[in-house]
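Structure record follows, encoded as structure tokens.
The values are calculated or read from the model by the stated rules, or taken from the named source; none is laboratory data. Keep in mind that this is a model prediction, so the values were computed, not measured. Here the Cβ is made from the backbone with ideal geometry for all residues, glycine too, and neighbour counts use every protein chain on show. Ligands, DNA and RNA are stripped out before the accessible areas are found, and what is left, the full protein with its side chains, is counted by its heavy atoms. Shrake-Rupley method; radii C 1.70, N 1.55, O 1.52, S 1.80 Å.
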Amino acid sequence: MTNPKQSGAFKGHRFPPEIIAYAVWANHRFPMSLRDVEDLLAARGLVVSYEAIRSWVAKFGLKYAKVIRRNRPAVADTWHLDEVVIPINGKKYWLWRAVDSQSDVLDILAQSRRNRRAADRFFRKLFKAFGEPRVIVTDKLRSYGAALKKLAPGIEHRSHKGLNNQSEGSHRPTRRREKCLGRFKSPGRAQQFLSVHDQVQNAFRPRRHTLSAVCYRQSRADAHGIWDDITRQLKAA
């Protein structure tokens, strides 16, 4: 069950890469706490402390998310942006999120402000990673328009009242995790966890209502194949 001779990124770990990969996947795929994942492994005869799982998630989650983000298909040319408040230690923070027209999360950024400077910072982060889109859809927050006027005045900005903003629905998984975790403990922790969580959701939660049962099962199998490939890459690194 245990093997001290691990290789690559898993070197020095007592448990095999497949177990570590499964724990990281389960923690990000489902609204479960670290103790829930501990119980899940225990039911399979694997005695692992939740603190060990915490260290696995912190160390390997970003590695998996980096490869998923790097190998993702080209993003659509229409982006939807929204911001939602997240309370952390009694202080109000704002989670800025961007999704494309295919409902894939592009990126998130936790910030203490909801103004033009915060919007400017988020846009710069997005443009550096993905280039500039053709259309950006937002709510009525004027900070978006002010930032775009300065950074990219050629982008079509839509913020009409009642306009469907797909990013609003993308906050639901975050709310479920926030409730499960008993709220985030710091902005850095929220940023680290959600940047991985959203990429795992992109891979493992396609828009099921738009797919036939056969297509959905194939998509699910493909996602698990990607996860296994990343594990093999980390073993060889």
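Table for the structure above
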item: Some residue of the range 97-116 being assigned to a strand (DSSP E or B), out of contact with any helix residue (DSSP H, G or I) (no Cβ under 9 Å at 6 or more places or on another chain) and under 29 Å from H209 (Cα atoms); result: no
item: Test: R14 is surrounded by 13 or more Cβ atoms within 10 Å (Cβ to Cβ) and among the charged types (D, E, K, R); result: yes
item: The range 74-94 - residue that is aliphatic (A, V, I, L, M) and touching a Leu at 6+ places or on another chain (Cβ under 7 Å) and, of those, least open to solvent (accessible area, probe 1.4 Å); result: I86
item: Single residue of the range 117-141 satisfying the filter (open to solvent by 20 Å² or more (accessible area, probe 1.4 Å) and assigned to a helix (DSSP H, G or I)) that is farthest from V75 (Cα to Cα); result: R117
item: Counted residues, the range 44-63 - those being in a loop (DSSP other than H, G, I, E, B) and within 21 Å of Q192 (Cα to Cα); result: 0
item: Matching residues, the range 185-230, being more than 18 Å from the chain's Cα centre (by Cα) and within 15 Å of R69 (Cα to Cα); result: D229
item: Sole exception among (1) surrounded by 15 or more Cβ atoms within 10 Å (Cβ to Cβ); (2) over 17 Å from H157 (Cα atoms) for Q102, by number; result: (1)
